[in-house]
Each structure stands twice: as C-alpha cells, then as structure tokens.
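The values are calculated or read from the model by the stated rules, or taken from the named source; none is laboratory data. Remember, it's a predicted structure, so these values are computed and weren't measured experimentally. Note: ideal-geometry Cβ built from the backbone for every residue, glycine included; neighbour counts use all protein chains shown. The area values use the complete protein model at the heavy-atom level, side chains included, leaving out ligands, DNA and RNA. Shrake-Rupley method; radii C 1.70, N 1.55, O 1.52, S 1.80 Å.
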Amino acid sequence: MNLDEISFFLTAGGRSSRMGEDKALLMLDGQSILQRILNVLNSVHTDISIIGHSEKYQSFGYPVIPDLIPGQGLMGGLYTAMKSTTKTYVFLVACDLPLIDAECILKVLGTEDHCDVIIAASDSKIHPSLGC
C-alpha cells in the first residue's frame, strides 16, 4: 500500500462518559494522549486530520473536522473520514489507543492490499479502533 494513497485520521470526538473528562486531553508521560498519537502518526505520514471539536483541538496544528454524524462513535468517525478525503484509503485510529506505535501502524499497513478493510486483531479479538 502506497502511503501517498492514504489519509490518516485520529478520532477524538467521543463523549468520554466513562472517563468523566476528555480522554484525548488526558496526560501520559508529560503529553496529552492526543499529542502522543499525533506524534506517532506523524512519524509514519504527514497527511493527518483530527475528527472532533475544532475549538478543543485546533491548537494541535492539524486540520480538525467535526463529526458529520455526531454521537455515532467510531462508525460516525469512519464515515466522516471517508467523506473528508479524496484518497483511495483511510487509516483510522481512535484517541483511546495511547500506546500505539509506528511499528503497529506499519504492520497494519503492510497487510495484503487486496483487502477492502483491514482491522487490527489479537488473540481472535477484534480492535475496531485501529484500521485501514
């Protein structure tokens, strides 16, 4: 899969109802989870957008796209990402994956490119918050 054919999106539009505060802005090792994931994504590619509330995330320096269908969770974010790009592929990662690294992203991207959808899984458990 050619990286120039991919738009990367970080979803940060959730309600964070279980956390009680915006999980994307929680601090981990001295930086927000959102910034940490953006740094990892940026080490792979620079075509990155945030899906969420622009007033909260515009200071991070990346385009911020509001959810086109608010309140629909990850599927709403995926829909927004697909409607917001002209590229062939969308790589979507949720802000609740603070320990994601470039190796994981490259492994997902290195999967057979004849697939329509690639979703991360481990021990037969699907992780829909990371995929292409």
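Leaving ligands and nucleic acids out of the surface, order Ser7, Ser43 by accessible area at 1.4 Å, largest first. All intermediate terms of the calculation are to be shown ahead of the outcome.
Numbers: Ser7 5, Ser43 80 Å².
Result, largest first: Ser43, Ser7.
Mind checking region 1-110 for GluC sites (Glu not before Pro) that DSSP puts in a loop (not H, G, I, E or B) and that have at most 14 other Cβ atoms within 10 Å? Intermediate results must be reported in sequence, preceding the final value.
Numbers: sites: Glu5, Glu21, Glu55, Glu103; in loops: Glu21.
In loop regions of region 1-110 (DSSP not H, G, I, E or B), the sparsely surrounded GluC sites (Glu not before Pro) are Glu21.
Leu99 accessible area, nearest 10 Å², 1.4 Å probe?
In the full protein context, Leu99 sits at about 130 Å².
Roughly what would the spin-label model give for Lys87 and Cys104, points 7 Å off Cα along C-beta, in nm?
About 1.9 nm separates the two model spin labels.
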